[in-house]
Amino acid sequence: MRALIHVPVGAFNAWLLHQEPTAGIIFALFFLVYELNEDWRIRDQAWKDLKGWLWGFALTAYVISFF
């Protein structure tokens, strides 16, 4: 369930990267730092969140590649 919550974040990140590459990279870096910091502090297995983000990112990037 946690992974599904992060799918829209990944989708937004892929769209943002397509529209404004610099902003997309900054957003991705901040998201990764946030998740890694959260995992370091509360040990919540951030890889689950990153998995959802990556699915959303990959699927959206795939769809965007056709347009």
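Annotations
- Members of segment 21-67 found to be small (Gly, Ala, Ser), at pLDDT below 95 and either surrounded by fewer than 12 Cβ atoms within 10 Å (Cβ to Cβ) or assigned to a helix (DSSP H, G or I) (or both), listed by number: none
- Taken over segment 30-67, the criterion of being under 9 Å from the mean Cα position of the chain (by Cα) and free of Cβ contacts under 8 Å to residues at least 40 places away in the same chain is satisfied by Phe31, Leu32.
The values are calculated or read from the model by the stated rules, or taken from the named source; none is laboratory data. Computed from a predicted structure; not experimentally measured. Note: ideal-geometry Cβ built from the backbone for every residue, glycine included; neighbour counts use all protein chains shown.
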